[in-house]
Amino acid sequence: MCSSDLDRAPFPALAWHPAGGLAREARSDPASVVSTLDAGLQARLEPLVARAARAQGAEASAAIMVVALDGRAVRASVGSAGLDRAGGWIDMTRALRSPGSALKPFIYAMAFEQGLAAPDTRMADAPRRYADYQPENFDRVFHDQVTAREALTHSLNVPAVDTLARLGPAAFEGRLQAAGVRLWRPRSETRDAGLAIALGGVGVSLRDMAVLYGALGDGGVARPLAWTEAEASARRSQRGVRLVSQAAADEVLAILRETPPPAGVTPAALSLGRPLMAYKTGTSYGFRDAVAAGIVGGHVIVVWSGRADGGARAGLTGRNAALPLLFEVADLLQAPPAAPPPLAPRNAPTALDDQTRTTEGPRLIFPPDGAVVQVDGFGAGSRGLALAASGEDLEWYVAGQPLRRDPLSGQVLWRPEGPGFYDLNVVDGQGRAARAQVRIRGG
């Protein structure tokens, strides 16, 4: 026998996180387990995750789940970027991490279902305080009046929080829990559900995110994930739990298909052969978690990027750290192309047309009268505050002195000289004015 006959071929080590879990659950006869995993897809995704994590830093990791809507069969599950990465042993599909804004689609779906809003209901995107909680948008800019469609497409925070307040955060959380998804909060926090749920102030696993988005892609019906072919077969015959109505789920999916793609990707409606994907991103506080979830070609894809130890990462968002990876996975699935939806008039029902209040003359959006605003610097070299108001031909004044527009952004930026109280005025082209007294505090 020659030495070459003794050579051993490499032993495959694909999907070692889920494979280990399945083996532990079937200790009596592990050889009989027939998983739903697609070995070819898994083999393509694991190096993809490793490459993405390396590009995001030495401590970065990533995770991906691909679930077929049919039977909720898990086709691929990559729990980390590899054993050579920090925290590589941890299965991040099980870890409780912040979803950022990725729960917003379900807030709007429930609001649509209950008749609290419609996709084209006009909402106020302006500063608002809920007891001691005052949300602001990610870019710290307010947009006055927007539709629910625009608010979800551009992931605006204030309309989402206001919609959750109308629903009731406890009722929202209860609906998710009835579908088998539990939201976790730190022990130091109150046990009651809060409005911070809308912006990711809870913990949820990637697996539960796949359950939620699976419901969104399956007419609003939630079913548990299936890891074996026997489970997948059983899921097909189960009724599941209705999370939202089919009409509400379809309305939200249509909105999410309009979400702008990441930089460098041509929109599906302008690209021949590219499937239409409905997707949403999320970024947690401190950039600790970057999340992207999509529904395309009969599959749910959920992507997470971050550090296994929960450390902060500067500037890495769901949009720039997780969404490109989501699109790469969607391309690997080779989902069939879909025609863009037909153009149709968009009008909300009369009773739900407008949830904003109109007044004569300009209306201050930011900062409102009586606001206490904390800034990170003073004077000409500071970042400044982007002022916003409704109206036309607006001129801004602080203590009687005019403010000028920033030549690059076109916005009126106010850079206070120091802490204290300021009188702020905005005047429109007809001479009508709005006034606010604002207190500025240093960081």
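The values are calculated or read from the model by the stated rules, or taken from the named source; none is laboratory data. From a predicted model like this one, the values you see are computed outputs, not experimental measurements. Positions of Cβ are generated from backbone atoms using ideal geometry, with glycine treated the same way; all protein chains shown enter the neighbour counts.
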Top-ranked residue of region 120-135 - restricted to ones that are closer than 17 Å to GLU150 by Cβ and of a type in the set (D, E, K, R), ranked as modelled with the lowest pLDDT: ASP125
Any hit, region 193-205, residues being under 30 Å from LEU364 (Cβ atoms), surrounded by fewer than 21 Cβ atoms within 10 Å (Cβ to Cβ), free of Cβ contacts under 8 Å to residues at least 24 places away in the same chain and not aliphatic (A, V, I, L, M): no
Search result, residues across region 239-264 that are outside any helix (DSSP H, G or I), surrounded by 15 or more Cβ atoms within 10 Å (Cβ to Cβ) and either hydrophobic (A, V, I, L, M, F, W, C) or at pLDDT below 90 (or both): VAL241, LEU243, VAL244, GLU258, THR259, PRO261, PRO262
Elements of type strands (runs of 3 or more DSSP E) contained in region 34-137, each with 3 or more residues being assigned by TED's automatic domain parsing to the domain that holds VAL204: 122-125
Scope region 127-153; condition under 19 Å from the mean Cα position of the chain (by Cα) and free of Cβ contacts under 8 Å to residues at least 24 places away in the same chain; matching residues: GLU136, ASN137, ASP139, GLU150
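Here's the yes/no breakdown for (1) without any contact (Cβ under 8 Å) to a residue 40 or more places away in the chain; (2) under 20 Å from PRO127 (Cβ atoms); (3) of a type in the set (Gly, Ala, Ser):
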residue	(1), (2), (3)
VAL372	no, yes, no
ASP376	no, yes, no
LEU387	yes, yes, no
GLN401	yes, no, no
ARG405	yes, no, no
LEU408	yes, no, no
When residues of region 134-156 are limited to those that are closer than 21 Å to GLY194 by Cβ and out of contact with any helix residue (DSSP H, G or I) (no Cβ under 6 Å at 6 or more places or on another chain), the one surrounded by the most Cβ atoms within 10 Å (Cβ to Cβ): LEU156
Test: residue in region 4-14 that is modelled with pLDDT of 90 or more and assigned to a helix (DSSP H, G or I): no
Pair list, Cβ under 6 Å, 6 or more apart: region 218-241 residue closer than 16 Å to PRO18 by Cα and in contact (Cβ under 8 Å) with a residue 60 or more places away in the chain, other residue loosely packed, with under 14 Cβ neighbours inside 10 Å and of a type in the set (Phe, Trp, Tyr): none
Residues being part of a loop (DSSP other than H, G, I, E, B), out of contact with any Phe, Trp or Tyr (no Cβ under 7 Å at 6 or more places or on another chain) and either aliphatic (A, V, I, L, M) or buried (at least 20 other Cβ atoms within 10 Å of the Cβ) (or both) - total across region 308-323: 1
Single match in GLY391, GLY400, GLY410, GLY379 (criterion: at pLDDT 85 or above, of a type in the set (Gly, Ala, Ser) and either within 30 Å of TYR108 (Cα to Cα) or not assigned by TED's automatic domain parsing to the domain that holds ASP139 (or both)): GLY379
Among the candidates ALA222, ALA210, residue that is aliphatic (A, V, I, L, M), under 18 Å from ALA76 (Cα atoms) and under 22 Å from the mean Cα position of the chain (by Cα): ALA210
Residue satisfying condition, being in contact (Cβ under 8 Å) with a residue 40 or more places away in the chain, surrounded by fewer than 19 Cβ atoms within 10 Å (Cβ to Cβ) and out of contact with any Lys or Arg (no Cβ under 9 Å at 6 or more places or on another chain), within set GLY168, GLY115, GLY82, GLY174: GLY115
